[in-house]
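Everything below concerns the one structure shown next.
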Amino acid sequence: MKTVTDQGKEVFEYGNKYWLMLDEKETKRVYPVKEVRVEEMKWRKWADDWLVHLISPNVYRTPREAFASFDYIVREGKFGTVEGFFAKYMGAIAMFFISKRLKKRHHLQDDVRQDLYEAVDEWVKAIGKHRLFMGGNQPNLADLAVYGVLRVMEGLEAFDDMMVHTKIQPWYQRMEEV
């Protein structure tokens, strides 16, 4: 569906983006009660609409972190010497400034780490103490969505800080194991 955002920008939205198309038997197996499906959809949407927007402002938060992030990208990627040099220095500078614009666009706190910490702690709280994953004993699509967003920070200072200053580590380690 074509729609207009609050900022007046035309975008396309897909009404069934978070709805799994399953036959009746499979639906009852995967989602034994309606609330399970609704909860999964809510958190998948949250990962797309909120959590993912916290990544760039956090990994490119300072010039030092931006350079470290691009150093990691160049080191892990398949860049030639010249391409790697330009990717690291030009990319880091560009993303540092872009991250500042994203911070404003998404109304993040001055210390964007606090938004990240609050978000992942909100996720952990929603899982609760009596479940291993949002999906119960096994991850569901919401678990996979959140894990996928957070995994892109692995190897970077923002990831290490998140592991130290939040309660996400046990869940994240369980996700890595499965």
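The values are calculated or read from the model by the stated rules, or taken from the named source; none is laboratory data. Nothing here was measured: the structure is a model prediction, and the numbers come from that model. Reconstructed Cβ throughout: ideal geometry from the backbone, glycine too, with neighbour counts over all protein chains shown. For the accessible areas, the whole protein counts, side chains as well, though only heavy atoms, and no ligand, DNA or RNA atoms are used. Shrake-Rupley method; radii C 1.70, N 1.55, O 1.52, S 1.80 Å.
Annotations for the structure displayed:
- Qualifying residue in region 32-42 (condition: of a type in the set (D, E, K, R), under 23 Å from M163 (Cα atoms) and touching a residue at least 60 places away in the same chain (Cβ under 8 Å)): no
- Wholly within region 24-124, helices (runs of 4 or more DSSP H) carrying at least 1 residues that are out of contact with any His (no Cβ under 7 Å at 6 or more places or on another chain), open to solvent by less than 60 Å² (accessible area, probe 1.4 Å) and of a type in the set (G, A, S): 34-49, 55-59, 63-76, 81-105
Quick grid of which residues meet (1) among the aliphatic types (A, V, I, L, M); (2) without any contact (Cβ under 8 Å) to a residue 12 or more places away in the chain:
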| site | (1), (2) |
| --- | --- |
| L108 | yes, no |
| R113 | no, no |
| E118 | no, yes |
| V124 | yes, no |
| L132 | yes, no |
| A145 | yes, no |
| D160 | no, yes |
| E177 | no, yes |
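- Scanning region 125-160 for residues that are acidic (D, E) and surrounded by 17 or more Cβ atoms within 10 Å (Cβ to Cβ) returns D143, E157.
Conditions tested, residue by residue: (1) without any contact (Cβ under 8 Å) to a residue 40 or more places away in the chain; (2) among the hydroxyl-bearing types (S, T, Y); (3) touching a Pro at 6+ places or on another chain (Cβ under 9 Å).
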site: Y60; (1), (2), (3): yes, yes, no
site: S69; (1), (2), (3): no, yes, no
site: I73; (1), (2), (3): yes, no, no
site: G80; (1), (2), (3): yes, no, no
site: F86; (1), (2), (3): yes, no, no
site: G91; (1), (2), (3): yes, no, no
site: M95; (1), (2), (3): yes, no, no
site: K103; (1), (2), (3): no, no, yes
